């Protein structure tokens, strides 16, 4: 599968015009990770987003007592780190490959430049990112037992 096809299947970029998909594909790089490699670590600077092309990862957060808690498992087509593209904040979780994994990596500064040149792309992805944030928030509230 080429990178344009992979991007078009990701919820963040679904329904974008092909010319934008092509432009985004041109600024992505492919990276391979061995089982046990960290794609990102909680607390590190967020420098881009990752789209899994093949393989699997686990997502963990460190709780208040310092224990690592697995909160999700992702595979092909899943995206991680999208908030870093928008705000450049620290990573909120650690993502570790559980098997050989290939990802597309989209650097924050490259994507920010692309969105400045094509603001309609930013307008398209913003509601999707907000919805994903809400779903994650709801899931964490459910796990914690706190009422929303």
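Only the coordinates and a few stated rules stand behind these numbers; no lab work does. If you're wondering where the values come from, they're calculated on a predicted model, not measured in any experiment. Note: ideal-geometry Cβ built from the backbone for every residue, glycine included; neighbour counts use all protein chains shown.
In the chain, the DSSP-assigned H stretches of four residues or longer account for a calculated mean residue ellipticity at 222 nm of -12000 deg cm²/dmol, using -39500 (n - 2.57) per stretch and the full residue count as denominator.
Using Cα atoms only, what is the angle between the long axis of helix 119-144 and the major principal axis of the chain, expressed in degrees (0 to 90) to the nearest 10? The angle comes out near 10 degrees. Here r is the Cβ-Cβ distance between residue 2 and residue 73 and R0 is 30 Å; the resulting FRET efficiency, rounded to 0.05, is 0.70.
Computed extension length for residue 45-residue 116: 23.4 nm, one decimal, from 0.36 nm per residue of separation with the Cα-Cα distance subtracted. Averaging 1/r over every pair of different alpha carbons in the chain and inverting the result gives a Kirkwood radius of 15.9 Å. Inter-label distance, residue 123 to residue 63: 4.4 nm, where each label sits 7 Å from its Cα along the C-beta direction. Extension gain for residue 54-residue 132 works out to 25.9 nm (0.36 nm per residue, less the C-alpha to C-alpha distance).
Taking all Cα pairs closer than 8 Å and separated by 6 or more residues, the relative contact order of region 1-91 comes to 29 percent.
Across every direction, the projection of the convex hull enclosing the Cα atoms of region 91-134 has a mean area of 4.4 nm².
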